[in-house]
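Notes follow the structure.
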Amino acid sequence: MAIDHDRLFKELIRTFFEEFLLLFFPDMHEHIDFHHLSFLSEELFTDVTAGGKYHVDLLVETKLKGEDGLIIVHVETQGYVQPSFAERMFLYFSRLYETYRTRIVPIAVFHYDSLREEPSVFSMEFPFGEVLQFRFFPVALRKKHWREYIRQDNPVAAALLSQMGYTEREKVELKKEFLRMLVRLELDEARQRLLLGFFETYVKLTEEGEQQLQSEVKAMETKEREKVLELIISYEQKGKKEGMEEGWKRGLEQGMKQGMKQGMKRLIQTMAQKGMTAVEIARLVDLSEEEVRRLLSE
């Protein structure tokens, strides 16, 4: 099943919006009044030139401290390289301004694997003068090194360790530090599972890696070790329980389908024994004549 990256990032940033701004834009965070916060419905734009329809990822209506007027924060997550992305951000900005007629803060979060200089400006100029220079606030996750964020008690930092710069050899230590951060955060179960699910989607250890992780956790100081092991065991048990419930559900559905098939087969055989033709049976049981003949031949 394909991963819905947009949904995962949108859920993470929506749940921890204040922490997201504090982590990457502390100056912006200082000015925003988080007592006035409202998530707006998605905006759908039609790009007539490209022939496509696009949803903006996240729109937040809020205020600046000491001001009465509303502003809108637009957060767009980008998981693939798109040469025209800066232009798309400008088009979104234009459409949003046309709709809301208020100040807009545009933010882009880049989370693809490649390292590149992503432009954060869309400009329009002529030999005789500049007409436009539009800027947005970028966050290039792969350029950020995970070790620089493990001392921050910030849930967004914990989840996004999975998107930052790390090597294959660092994955076990990366997950260990993520679990330590999760323990320190002391979140409720729902938010804890959101962060765990996000991280596990992008960082998967081999069986050998999981064994190494548990060995390293057992070497921690007693109090921290117990909490991290409890977290690992709890998450594993919930995963097994959900897997068993899903398996039971699928088994039940399969059993019901099989039972219905057997019941239909017996009914068709009884009708045939009474002298009814395949055409007549098909009309009565709402099956095709071919399906009726196949069930009779089994």
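The values are calculated or read from the model by the stated rules, or taken from the named source; none is laboratory data. All of these numbers come straight from a predicted model, not from anything done at the bench. Keep in mind that these areas ignore ligands, DNA and RNA; they rest on the heavy atoms of the full protein, side chains included. Shrake-Rupley method; radii C 1.70, N 1.55, O 1.52, S 1.80 Å.
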1.4 Å probe accessible area per residue over the stretch 1-143, in Å²: 58 Å²
Over the chain, the sum of -39500 (n - 2.57) across DSSP H runs of at least four, divided by residue number and rounded to 500 deg cm²/dmol, gives at 222 nm -17000 deg cm²/dmol
Taking H as built 1.01 Å from N, whose amide H comes closer than 5 Å to the amide H of residue 63, not counting residues under 5 places away? 33, 36, 71
Filtered hits (aspartates and glutamates, Cα-Cα < 18 Å from residue 204, offset >= 8 within chain) -> 4, 113, 168, 170, 173, 177, 216, 236
For the stretch 23-165, rounded, prolate or oblate, judged on the Cα gyration tensor with a ≥ b ≥ c (square roots of eigenvalues), a/c < 1.5 rounded, else prolate if a/b > b/c? oblate
Over the stretch 70-114, with every protein chain in place, what whole percent of the accessible area is carbon and sulfur at 1.4 Å, could you tell me? 54 percent
Picking from 208, 173, 230, which is most flexible by a Gaussian network model of the chain using Cα springs under 10 Å? 208
For the chain, set up a GNM with springs between Cα atoms under 10 Å and report which of 175, 274, 65 has the largest fluctuation. 274
What residues have an amide H closer than 5 Å to that of residue 144, excluding those fewer than 5 places away on the same chain, when H is modeled at 1.01 Å from N in the peptide plane? 165
Return the label of the correct value of Rg and Dmax of the Cα atoms in Å, as calculated from the structure shown, out of (i) 27.5, 93; (ii) 18.4, 56; (iii) 26.4, 86. (i)
Would you mind checking the pairs 171/227; 63/143; 143/176; 10/65; 171/223; 143/227 and listing those with alpha carbons more than 27 angstrom apart? 63/143; 143/227
Could you give each residue of the stretch 30-40 its phi-based ³J(HN,Hα) in whole Hz, using Karplus coefficients 6.51, -1.76, 1.60 with θ = phi - 60°, and x for Gly or Pro? 4, 8, 8, 8, 7, 6, 10, 9, 9, 8, 8
The stretch 150-201 shape via C-alpha gyration tensor axes, a/c threshold 1.5: prolate
Let a ≥ b ≥ c be the square roots of the eigenvalues of the Cα gyration tensor of the stretch 5-44; is it rounded (a/c under 1.5), or, if not, prolate (a/b larger than b/c) or oblate? oblate
Mind listing the long-range amide H neighbours of residue 56? Cut-off is under 5 Å, sequence gap 5 or more, other chains count too, H placed in the peptide plane at 1.01 Å from N. 43, 45
For the chain, with a Gaussian network of springs between Cα atoms less than 10 Å apart, report the residue from 26, 155, 106 with the top mean-square fluctuation. 26
